[in-house]
1. Quick one: which helices (runs of 4 or more DSSP H) sit completely within segment B:25-109 and have at least 2 residues that are over 32 Å from the mean Cα position of the chain (by Cα), at pLDDT 95 or above and more than 14 Å from DNA strand C (Cβ to nearest atom)?
2. Quick one: would you say residue B:53 is within 16 Å of DNA strand D (Cβ to nearest atom) and surrounded by 20 or more Cβ atoms within 10 Å (Cβ to Cβ)?
3. Within segment B:11-24, which residues are surrounded by fewer than 17 Cβ atoms within 10 Å (Cβ to Cβ), near DNA strand D (Cβ under 6 Å from one of its atoms) and not in a loop (DSSP other than H, G, I, E, B)?
4. Can you pull out the residues in segment B:110-119 that are touching a helix residue (DSSP H, G or I) at 6+ places or on another chain (Cβ under 6 Å) and either more than 10 Å from chain A (Cβ to nearest Cβ) or modelled with pLDDT under 95 (or both)?
5. For residue B:58, are the conditions met, namely being within 12 Å of DNA strand D (Cβ to nearest atom) and facing another protein chain (nearest Cβ under 9 Å)?
6. Please verify whether residue B:288 is within 20 Å of the chain's Cα centre (by Cα) and in the same structural domain as residue B:184 (by the TED database), treating the condition exactly as stated.
7. Taking segment B:10-24 as the region of interest, how many residues are over 9 Å from residue B:36 (Cα atoms) and within 9 Å of DNA strand C (Cβ to nearest atom)?
8. More than 13 Å from DNA strand D (Cβ to nearest atom) and buried (at least 20 other Cβ atoms within 10 Å of the Cβ), is that true of residue B:47?
DNA sequence: GTGAAAGCGCTAACAT
DNA sequence: ATGTTAGCGCTTTCAC
């Protein structure tokens, strides 16, 4: 153990000024005479003063910290999103408290905990928010920002906003791509039944296929996990009329599908079967590559940060829903358009 | 905006007890009469009281929060480690503040910031700590826990400990595996020159090869990044006497190596060339699979959490260095032992 | 521009 | 077991 850290008062005494003068010196945009500031800084430097941000937060009634909740980090796109989010927030001077909810875990308990730490904003990264928590946040006035997922609450209150990808469009684009490549029989692996993004991607996919006069896909659910998607893939590939084109609600599941197709069914992915994902996650680059409709993580993070500072500034956000654009990245896992 | 949150004092007034009684009710292991507790809880429930953990931290001089620094999350093993770490800490009632340092970023500035938030412990996850920060933490009495990396400071002070994998052993085991498979010409892709884990893995690898009378590997540096490892791989595969066995300091770089070998050199990985990584990261399962020496992330996280509570309890830890075991996971990317 | 003083919400002796 | 009383370290009116 070591000596207690030096405090603002000690600096004040040493510099021969009042505590307020010290406080002002460490507050951006406060008015302090250059001479005073110099004295203060010198004294602070001398005794190794470091402002106590806890005390500041308590006093200011604002912590400058946002809570970020993620279900898990198995999916590399979620990790990327988290990294970008944290970076973007750091850049604007906000800190982040991380909370990992786990899949079926007591999400509410965890969130409750982070709420007690007086976070200024709650960011849900691919988390399905229970409505109880949603109301709770509304009640205490903590804005909620959802990334890559929405709940019915979004838009209703100006304190609950969402940043999402072009889900429906992506589904349609994938359908077009597979149709042009000459596929005639399809499958879709959904994330979870109640996830908005999965449902929208599926809807777009089905609509796209219908537009080309193609049949609706077989649908299985992969629960957004690797193992879940492996199972779903097995079911699909064991179908009597095995589909030769598979669209997965995200890349993570598509990678599982590729793994099963290759190792368990001996299929040549991109030739015998086309597999397409969604996200354009970092892992989509691996090996021959995974064709995927992109979601620009850094853009989503920027957008989130922008909205968060607006929210903190008390500005009502213009709208509750922010859709970022994406595009199809064609790689080795899908058969290219008919030769 | 909403009304200010209810405070402990309001609860006290409403319940007709003193503030301390309320405080005790919300402090585990404090002595309160059942009747009092009941009154307090009822009053709290009534007005929707939620303890302000900021105020508590300030008063207790302990935040119950640990800072976790990561360089980036591109590497899925690091993400896994972060997830496990956060989960393990949550389980023992500690919160985490995340800080993303980026590669060459102003690490010190970021750490300084998190320090000001009165974190109780600093966890460095695959981060190379500058010695300045290391001294800083020692000076203010904040213990430092390094995961998957060590600095010379470890062990010297009982407040700087490290949890690492079996690096040297892993390198030797990989050498044996490749030797048995009949390889005779080797390459190694290092992480960065100053990373302890990379150096140890390399040393073990070279020692292992030597033991079998095999030549030392060509060595290139991949800087722990995907792109860096792609470049290193190109250099290696363009060598006149192209090696047919490649060991990479971690899985993330091995995946890059596989990508280049397959797509740019048309090699069949696991047949024309064996590629082995280190970590047994989640991505090692993808496709035909990556042979890798494992580092058990959940075990490392548990160990870290265990040590952290010990450090917070003021117990000197027995030793500064904790080595967790690993084993070779053989998958499709390496040629199995000679038929 | 500067200082005095009253908090921010909670905890921890200490006394009862 | 409960209440009283000082703080924890900083910010912020409000006079000057």
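1. Numbers: elements: B:34-47, B:53-60, B:76-91.
Passing ranges, in order: B:34-47.
2. Working: within 16 Å of DNA strand D (Cβ to nearest atom): yes; surrounded by 20 or more Cβ atoms within 10 Å (Cβ to Cβ): yes.
It is true that residue B:53 is within 16 Å of DNA strand D (Cβ to nearest atom) and surrounded by 20 or more Cβ atoms within 10 Å (Cβ to Cβ).
3. Pass one, segment B:11-24, residues surrounded by fewer than 17 Cβ atoms within 10 Å (Cβ to Cβ): B:13, B:16, B:18-20.
Narrowing further to those that are near DNA strand D (Cβ under 6 Å from one of its atoms): B:18-20.
Result: B:19, B:20.
4. Taking segment B:110-119 first, the residues touching a helix residue (DSSP H, G or I) at 6+ places or on another chain (Cβ under 6 Å) are B:111, B:116-118.
Within segment B:110-119, just B:111 meets the criteria.
5. On the way: within 12 Å of DNA strand D (Cβ to nearest atom): yes; facing another protein chain (nearest Cβ under 9 Å): yes.
Yes, satisfied.
6. Numbers: within 20 Å of the chain's Cα centre (by Cα): no; in the same structural domain as residue B:184 (by the TED database): yes.
Taking the combined requirement at face value, the residue does not satisfy it.
7. At the first step, the residues of segment B:10-24 found to be over 9 Å from residue B:36 (Cα atoms) are B:10-14, B:16, B:18-20, B:23-24.
After this cut, where a residue has to be within 9 Å of DNA strand C (Cβ to nearest atom) as well, the list is B:10-12, B:18-20, B:23-24.
Looking only at that region, the number is 8.
8. For residue B:47, the condition - more than 13 Å from DNA strand D (Cβ to nearest atom) and buried (at least 20 other Cβ atoms within 10 Å of the Cβ) - is not met.
The values are calculated or read from the model by the stated rules, or taken from the named source; none is laboratory data. Predicted, not measured: the structure shown is a model, and the values here were computed from it. Using ideal geometry, Cβ is built from the backbone for each residue, glycine included, and neighbour counts are taken over all protein chains shown.
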